[in-house]
1. So how do PHE317, PHE417 line up by other beta-carbon neighbours within 10 Å, fewest first?
2. What does the extension gain come out to for VAL492 and SER84, with contour length at 0.36 nm per residue minus their alpha carbon separation?
3. Residues with amide H under 5 Å of ARG229's amide H, sequence separation 5 or more or different chain, H placed in the peptide plane at 1.01 Å from N; which?
4. Compare the peptides 260-267, 404-411, 327-334 by average per-residue count of other Cβ atoms within 10 angstrom and give them in order, highest first.
5. Would you mind listing how long the stretch 183-573 runs along its three principal axes, going by Cα atoms, in whole Å with the largest first?
6. Taking the highest mean first, how do the peptides 442-450, 491-499, 429-437 order by number of other beta carbon atoms within 10 angstrom per residue?
7. If the limit is 31 Å between Cα atoms, which of LYS182/LYS394; LYS182/LYS457; LYS339/LYS457; LYS394/LYS457 go over it?
8. For a footprinting-style exposure proxy, rank GLU367, GLU307, GLU198 by other Cβ within 10 Å, fewest first.
Amino acid sequence: MRFTVSCLGSLRSALGHRGGSWLLTSALVAGGLAFSPRVLAAESITVRLGRLSQTVSLDDLQSFAATGEVPGSLRLYRPLLNASVRQALEGEISLEPEVGEVILDEILHTSSGAQLLDTLKAIAPNLTPSDLRITLKQVSETESGLTLLSILRAMPQDTLEINVGTLLTLASQFRLAQLESKALSRVLRKDPAAEAAEPAPLLGIDPFSTGPSAVERWELVLHDHSRDRSIPIDIYWSRDTHGPLVVISHGFGADRRFFAYLARHLASHGLTVVAVEHPGSNVSALLSLPKDGLPPASHSRILPATEFLDRPRDISFVLDRLEKINLYSYSLRDRLNTKQVTFIGHSLGGYTGLALAGAALDLRSLEPYCKTLSPVNVSPADWFQCAALDLPVKYANLRDDRITQLIVANPLTGLLFGEAGLSRVRVPTMVLAGTHDTVTPMASQQLRPFMQLPVDKYLITVVGGSHLSVGDPNNLNADLGRIPFMPALPDVTTAPLRIYLQGVSLSFIMQQTSEAEAYAPALNPAVAHAFSTTNLSLRLSQTVPEGLASWPRLRQGGLHSQEGLLSYLPSLLHLEGIAIQDQLQMLQRQMVVYLRHTPPSLTAVYWPFLGAQSPMQANQPNHRSTTPQ
């Protein structure tokens, strides 16, 4: 079944409502744009199913999108015209307009963008690169927003075919992924050991409250002349500095303030914290992309492959400079313990930390995976990791022995570290994963890599957590939260998670010090349970929960296979089986507790059915005994 769009009349204005369609809009132009008038534009859609066809007016679709009422001409398709379709028709994506042309160049001219172009071709088989270019030239900045309807009206073709089968496959896969996420959430939400245990009393120290030290923040820009790279950093410190140095690395499209709340909290407890900004993959790099020409070998400009090497090198360079500052700075002397560094990273920053902790970048397994990606099944994590294939090298050891501890939230891992993967990481590591992370999916990017870590590891699972749940709400790039596959949760929802992350991070860091015992109670799973809410359930463990180790998504044999539609059924059945087994075990434990405290008498239970008192009742004084009839 295909839609065919006919170009018959003049352009209509965009709807200007916000929503969540990204399949076509994110690939064509940046949001916040609308099409200027033109001579030809689509006015109708011809729906073809075998030999049957029907022409549908775009005005009728626009009326449905605006009001929710199904016009008479669309009565046949009433079962398909639900709220999701309406949202897709009227949806607007808001991004910086100047990035639009660079996005198109990325799609048309780079190897990583070719994956998205293949997806577009699968959806619209007769959509050509020249059509995309012509459409882009029709856009100009207005107050209206870009919508799916405005794109359809602006296409220069006489007809535009849209393969509904492909769209249904995408929709089905997205829906199945949601069902799988909900099933995984049910498995992870219950932690009987944590629920039954009482949190150990804190030994005079509350790591979850703000510390006693007054915090100062200094801003510096360090220039690496060998790479011609200027690296901004923020240093958070206090007068009573002690313990390890903490270094923070942000994710793609963010900046050094992403974990500002966490940096201030740690510094208030006496730790010196250095937040590093990576100039090749921060938010500024996205807003200042060059618009003329392409880089050598048509490499990605949105995420240059060199960032997979430059980011770890940024950290090593900063540590080199901090060693000198620690010796010669009057104020910061002896406050920068570069010999003992805890690294904290989010998303692409998580990759950065794992590479520094000993996981060698090894692209030999990644290359065949990216070559066989299904065009209708590409996740953001796939695009990110496949961008690394533009590197001239396939193996790089970026280890820095000054990194002695690791905290990574929603890390990007995938196949970037090859078969040996994270087994080379020898430092204590804490991993935070969210069940609703659609950018770096929990199973492939966190749970499976966590199982590769050899020893000394903790896993924080956030049931209901998204990719941006741990970000500082006062410093979070608003445009990131408006991308449909990367939703941001309300601040009030994520507040308990951020408080917990502050305390558990501090306690984990302090395990490297002589005060380890005082902070150890905060690493109790019962504490994580105490911070859980209805919206976000928290779980702390040192292993993948029992039963999940054999989950198809986590089997190492499927490391190179992409998750297709057929793989969801056994995955869902496995998760539902675990959930049922957990419920039965919980009922069994409740029954044992009940019997232990109030053991029933078998005779008291069964004797009344015989129509007489029990022997115990019969033998009691002052009671009359009766003989069964």
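1. PHE317, PHE417
2. 144.2 nm
3. Residues meeting the criterion, in which the H sits 1.01 Å from N, are ASP224.
4. So the order, starting with the most tightly packed, is 404-411, 260-267, 327-334.
5. For the stretch 183-573, the Cα spread along each principal axis is 57, 56, 37 Å.
6. Details: 442-450: 23.8, 491-499: 16.4, 429-437: 25.3.
Most protected by this proxy first, the peptides run 429-437, 442-450, 491-499.
7. LYS182/LYS394
8. The most exposed by this proxy come first: GLU198, GLU367, GLU307.
Bear in mind these aren't lab numbers, they're just calculated from the coordinates by the rules spelled out. Everything quoted here is computed from the prediction, not taken from an experiment. Cβ atoms come from the backbone with ideal geometry, glycine included; neighbour counts cover every protein chain shown.
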